[in-house]
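J.: Please see the structure below; I have some questions.
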Amino acid sequence: GETTVERGLDWRTRRFLGLPPVPDEMELGGLMTGHPPEDLYMECDEEVLSDHQVLLRKQIEFFEAGPNDLLCMGSGRRRDIAVGQVGIRCKHCAHLPAHLRPRGSMYFPASLRALYQAAQNMGVAHFVSACGMINEQTRQELIEFQSAKNKAGHAGKKWWADGARARG
């Protein structure tokens with residue numbers, strides 16, 4: 001069963017966590033809301049994150065999983081992905097049919113706190129080596145920032161989670 005906290009979550013957070021909608025939400029349009037993708041990056045990121053983290057966030061968007069996205073998810077996942085569940089994906093590959101997107105182009109973190117690690121994985125495994133759509137200059141900047149670990153930034157996983165929560 002759900003905890004009291006889980007029952008009190010808004011629909012976007014429930015969807016992000018892979019929880020089923022509450023009955024009132026199911027009556028308001030089923031599983032897909034039709035909400036357009038939304039940038040992970042926010043202008044206030046520049047004030048607290050390193051250059052690397054800011055650039056990484058500029059390459060990622062929140063999106064709702066559609067039926068085609070589910071067909072392309074690899075096996076071995078601990079949790080199933082549901083239509084309408086919110087995840088993160090590469091903005092550069094988003095226009096490609098799901099079956100043509102390179103490995104690591106989308107993630108469905110189990111929690112808001114796991115968003116940070118999912119994006120870091122995307123930064124290393126997807127943007128640096130697998131994404132054929134990212135601008136080469138941006139790829140090189142990500143590589144340089146990653147190796148230089150420039151400007152430490154004074155925010156971390158909590159900032160990523162709070163930013164996602166602020167987006168709804």
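The values are calculated or read from the model by the stated rules, or taken from the named source; none is laboratory data. Please read all numbers here as calculations on a predicted model, not as lab measurements. For neighbour counting, all protein chains shown are included, and Cβ atoms are generated from backbone atoms with ideal geometry for every residue, glycine included. Please note that ligands, DNA and RNA were not included when accessible areas were found on the heavy atoms of the full protein model with its side chains. Shrake-Rupley method; radii C 1.70, N 1.55, O 1.52, S 1.80 Å.
J.: Looking at segment 98-119, is at least one residue in a loop (DSSP other than H, G, I, E, B), more than 25 Å from Lys158 (Cβ to Cβ) and either open to solvent by 60 Å² or more (accessible area, probe 1.4 Å) or at pLDDT below 70 (or both)? Reasoning before the result, please.
T.: To start, the set of residues in segment 98-119 that are in a loop (DSSP other than H, G, I, E, B) comprises 101-105, 108-114.
Subsequent filtering for residues that are more than 25 Å from Lys158 (Cβ to Cβ) retains 101-103, 105.
Next, only the ones that are either open to solvent by 60 Å² or more (accessible area, probe 1.4 Å) or at pLDDT below 70 (or both) stay: 103.
Taking every residue of segment 98-119 in turn, at least one turns out to be in a loop (DSSP other than H, G, I, E, B), more than 25 Å from Lys158 (Cβ to Cβ) and either open to solvent by 60 Å² or more (accessible area, probe 1.4 Å) or at pLDDT below 70 (or both).
J.: Here's a follow-up. Quick check on Arg7: is it modelled with pLDDT under 85, more than 30 Å from Thr138 (Cα to Cα) and open to solvent by less than 30 Å² (accessible area, probe 1.4 Å)?
T.: On the way: modelled with pLDDT under 85: yes; more than 30 Å from Thr138 (Cα to Cα): yes; open to solvent by less than 30 Å² (accessible area, probe 1.4 Å): no.
Against the criterion (modelled with pLDDT under 85, more than 30 Å from Thr138 (Cα to Cα) and open to solvent by less than 30 Å² (accessible area, probe 1.4 Å)), Arg7 does not qualify.
J.: Next question. Go through (1) modelled with pLDDT of 90 or more; (2) part of a loop (DSSP other than H, G, I, E, B); (3) open to solvent by 80 Å² or more (accessible area, probe 1.4 Å) and name the single condition Leu31 misses.
T.: All conditions are met except number (1).
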